[in-house]
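The values are calculated or read from the model by the stated rules, or taken from the named source; none is laboratory data. Being a predicted model, the structure only gives us computed values, none of them experimental. Please note: Cβ atoms are built from the backbone with ideal geometry, for glycine as well, and neighbour counts cover all protein chains shown. The accessibility values were calculated without ligands, DNA or RNA, using every heavy atom of the protein model including side chains. Shrake-Rupley method; radii C 1.70, N 1.55, O 1.52, S 1.80 Å.
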Amino acid sequence: MNTSFRRTLKTLSAAAAAAGIMAAGATAASAHVSVNPDDTGANGYSHLTFNVPNESPTAKTSKLEVSLPTDTPFTSVSVKPVEGWTAQVITSELPKPVTVSGTTFTKAPTSVVWTADEAHQLGQNQYQAFSLSVGRLPAEGTKVTLKAAQTYTDGSVVKWDEEGAEGQPEPQHPAPSFVTTAEDAASPAASAAPDAGAASETKQASTDGLSVWGVVLGAAGLVLGAAALVVAGRRTRPAGK
């Protein structure tokens, strides 16, 4: 084996090892409670899915509590059932009245608590997804923070409530969050209907097409008529002429 080939093998081995370390680091960094909204459009409704991994090597996850915003409250919260887990939506007085879509609210859902039965607690290398249907979302550009608390069977509680700062490393226990975007477009029904100009052009094209076909069929009729007269003339011509 020549020296150049050995160096190449060493380089590839080092690159593979570095990639493995980076992958392991990425996995460790992503192992926290997170939220994935299926729609972030302002003033709309969304399904929020919380992914909850069990991170303890000795205990199981038995409960999850998610705090809902009170300054931009959700006036509608529904829970998707999870086998072996009971869910409770807690409604409380808001710190101050909030107006949503022209209606003022003094109470709103402020938290959701999921509790597992013994057979469905999360063990090592397990995770569970918990889903909510919520609305209405606040104005575009609003950061919606959903702090969570994960309870283990040994009594320990991990709070996912740290808010990161721009330009700074992600905190050890970041709070699940997302930012609202522009309001979803209006129903496409109106835009699907052709406007008056398009309808006029379509009608004109149709009329022009019929006119062309009329000319073609008329010309064909004249040709066929002339041919018929010639044939008739030949049949009626006296013999010997």
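Spin-label model, GLU166/LYS107: points 7 Å from Cα along the beta carbon direction are separated by 3.9 nm.
Other residues within the sphere of radius under 15 Å centred on the Cβ of THR40, judged by their own Cβ, net out at -3 (K and R +1, D and E -1). Taking the convex hull of the alpha carbon positions in the range 62-170 and averaging its projected area over all directions gives 8.7 nm². Charge tally for LYS147 (other residues, Cβ to Cβ under 10 Å; Lys, Arg +1; Asp, Glu -1): -3. Counted by Cβ distance under 15 Å from ASN51, the other residues give a net charge of -1, where Lys and Arg count +1 and Asp and Glu count -1. Average accessible surface for the range 72-125: 60 Å² per residue, computed with a 1.4 Å probe over protein heavy atoms with every protein chain in place.
Scanning residues 5 or more positions from ASP39 or on other chains, those with amide H under 5 Å from its amide H are HIS47, with H placed 1.01 Å from N in the peptide plane. Going down the table (LYS80/LYS147; LYS107/LYS147; LYS96/LYS147; LYS60/LYS107), which pairs top 23 Å between alpha carbons? Violating the 23 Å limit, Cα to Cα: LYS60/LYS107. Summarising the amide proton neighbourhood of SER34: residues at separation of 5 or more, or on other chains, whose placed amide H is nearer than 5 Å comprise ASN51.
Amide H contacts of LEU68 (H built 1.01 Å from N, in plane; Pro and chain starts excluded): SER111, VAL112 sit under 5 Å, all sequence-distant by 5 or more or on other chains. Fully extending the segment from ALA182 to ALA129 would add 16.4 nm, taking 0.36 nm per residue of separation and subtracting the current Cα-Cα distance.
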